[in-house]
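Note sheet for the following structure.
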Amino acid sequence: MSPVSATFEAATAFIQANTEIATPPACPEVRLWTATEVTPLWEATEQALLRVNLPPPYWAFCWAGGQALTRWVLDHPELVRGKRVLDFAAGSGVTAMAAAQCGAARVEAADIDPMACYAIRLNAELNGVAVEVLKDDVVGAACRWDVVVAGDVCYEAPMTAHIWPWLRQLAADGATVVMADPGRAYLPKTGLLKVGAYTVQTSLDLEDRAQREVVVFQIVG
């Protein structure tokens, strides 16, 4: 057995032991391996990987922004049908799953967290769809997609500063770039066209309220 397959098998066992199959409230068409509490999974992740100060296991939760973005794709399948789609900072890959379900010609999901990449592969298998996983930082890559989707990516100033010029450039290069934001402080004030809005149920483990208002924007290049 190769080291890569052995690592995938270990990650699969870990994910399946610490999550359960569930459907997000706003997009029940998609099934995901999902955690029910933040702290136990975080502690289990640190123990399993023999590391400390790991990033939170974002991949194990369907955040409000991701739910709204996925709902919007499911409600507008013509956006992705027959298109090349990138789910950027994909986390669980929930929007990638929806794009594949809606008939996208090719779906790629990018995340720099290795565990997220494993989770995306498992979630694709769970939903019976084809999603290619990109494990490297794609920011700065030349545009090769027709549609780029990003859910809740402006939660920190450094993150926004890193990704925003590239997303604007992708839009300028002809891609349809759509992002969802639940009111994060670092959302840019210009270059956004509102195309939808949803009220999304969320967990108090993740947010400071039981539901959030999420706006879906198209980025103007």
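Derivation of every value follows stated rules applied to the coordinates shown; laboratory data play no part. Everything numeric here is computed off the predicted structure, so don't read it as measured data. A quick note on method: Cβ atoms are made from the backbone with ideal geometry, for glycine too, and the neighbour counts reach across all protein chains shown.
General remarks:
- Qualifying trypsin sites (Lys or Arg not before Pro) in region 153-192, DSSP loop, other Cβ atoms within 10 Å at most 11: Lys189
- Angle between the chain longest axis and helix 3-18 axis [Cα atoms, degrees, rounded to 10]: 90
- Neighbourhood net charge (12 Å Cβ-Cβ; Lys/Arg +1, Asp/Glu -1) for Gln16: -3
- Prolate/oblate/rounded label for region 3-219 (Cα gyration tensor, a/c 1.5): rounded
- Surrounding net charge for Met97, when Lys and Arg each add one and Asp and Glu each subtract one, Cβ distance under 11 Å: -2
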